[in-house]
Amino acid sequence: MVGGVLVASAIVGAIVWAQKSARSRPAAPTRVVDKHDPPPVVTPTPRPARVPMRRDAGVSRPGHPDPDTVFAVPVDAFTDPIDGKSDALVTIVEAAEFGCPFCRRVHDTMKQVKQIYGDDVRIVWKNFVVHPNLATHAAQAACAAHRQGQFLPYQDALWTAAWGPGTARNMAALEPTALDALAGTLGLDVAQFAQDRDSAACADDLRADQELMKRVGTNGTPSFYINGRHLSGAQPLDRFRALIDEELAIARKAVAAGIPQDQYYDSVVASGQTKFP
């Protein structure tokens, strides 16, 4: 009976992954991160009984996913900007937009996370636009930068241009002309960038991200899924560390027990919930 449940869970995980991967893609874009074929479906990792989280490690409110629930949040190595190695033990999926000051604030926290945990953590960007008139062009511009393998430097430059240090605010930086000019300062092919920014492919990527994150309970920015577990808002560093440390301990035990490290995340989300609530 247990074996049947695990197989069924793996099939559900595969369907979720396949639905996103099957949408149309442009021909041969340049990629510099996670360049590999999609991993095979693996047997879900048994999740041990959880030690209660620290009370300051996240906030569970009505309308928000429980932070102890694992959600099936697939990662697409082709369309998703990724900062980190594909075999990282902890995957942080960040749902955010460039028109959100709290997303700007937590961007610095994510840099601290990478400095602390190195190759043990990868950060995956998913667009979640809550101010469409303000942030839609920027989301598609980030997609265009990713297609030239330059999402991470473009992301840093865009945060600085739009929000700067402290409380500075320059929403004109999110307009198409400014977005294209910023690409030029980074040495991108501006003509190709503008074409990709306005493309149906980048619009489809944005729409797919939006639909996926809504399904698993995202209703504001920034939102995070740490090995599938939800953390909402621009939380302090120690709240991220509490969740990451717990997931690292679980992952290391699973890998020591025989789960291939490069398949660990897929094995976790294969048994995760695909919808909230």
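The values are calculated or read from the model by the stated rules, or taken from the named source; none is laboratory data. Computed from a prediction, not measured in an experiment: that's the story for all the values here. Ideal geometry is used to build each Cβ from the backbone, glycine not excepted, and the neighbour counts take in all protein chains shown.
Evaluate the following for Ala208: is it among the hydrophobic types (A, V, I, L, M, F, W, C), assigned to a helix (DSSP H, G or I) and over 18 Å from Val93 (Cα atoms)? Explain how you work it out, then say what you get.
Working: among the hydrophobic types (A, V, I, L, M, F, W, C): yes; assigned to a helix (DSSP H, G or I): yes; over 18 Å from Val93 (Cα atoms): no.
No.
Using the structure shown, decide if Leu212 is under 16 Å from the mean Cα position of the chain (by Cα) and either more than 23 Å from Arg147 (Cα to Cα) or surrounded by 15 or more Cβ atoms within 10 Å (Cβ to Cβ) (or both). If you could, list the steps in order and put the result at the bottom.
On the way: under 16 Å from the mean Cα position of the chain (by Cα): yes; either more than 23 Å from Arg147 (Cα to Cα) or surrounded by 15 or more Cβ atoms within 10 Å (Cβ to Cβ) (or both): yes.
Taking the combined requirement at face value, the residue satisfies it.
Entry remark, region 135-172: residues being surrounded by 17 or more Cβ atoms within 10 Å (Cβ to Cβ) and more than 23 Å from Asp80 (Cα to Cα) number 1 in total. When the residues of region 114-134 are filtered to those that are crowded, with 20+ Cβ neighbours inside 10 Å and among the β-branched types (Val, Ile, Thr), the one that is farthest from the chain's Cα centre (by Cα) is Val129.
Scanning region 247-277 for residues that are closer than 15 Å to Asp76 by Cα, buried (at least 19 other Cβ atoms within 10 Å of the Cβ) and charged (D, E, K, R) gives a single hit, Asp266.
Quick one: count up the residues across region 83-125 that are part of a strand (DSSP E or B) and closer than 16 Å to Gly233 by Cβ.
At the first step, the residues of region 83-125 found to be part of a strand (DSSP E or B) are 83, 90-96, 121-125.
Pick out the ones that are also closer than 16 Å to Gly233 by Cβ and you get 92-96.
The number of residues fulfilling the criteria is 5.
Candidates in region 68-85 are the residues that are within 13 Å of Asn227 (Cα to Cα) and surrounded by fewer than 18 Cβ atoms within 10 Å (Cβ to Cβ); of these, the one that is modelled with the highest pLDDT is Thr69. Close contacts from region 240-256, counting a first residue that is more than 18 Å from Ile123 (Cα to Cα) and a second that is in a helix (DSSP H, G or I) and of a type in the set (Phe, Trp, Tyr), with Cβ to Cβ under 8 Å and a gap of 6+ residues or different chains, come to Ala254/Tyr264; Val255/Tyr264.
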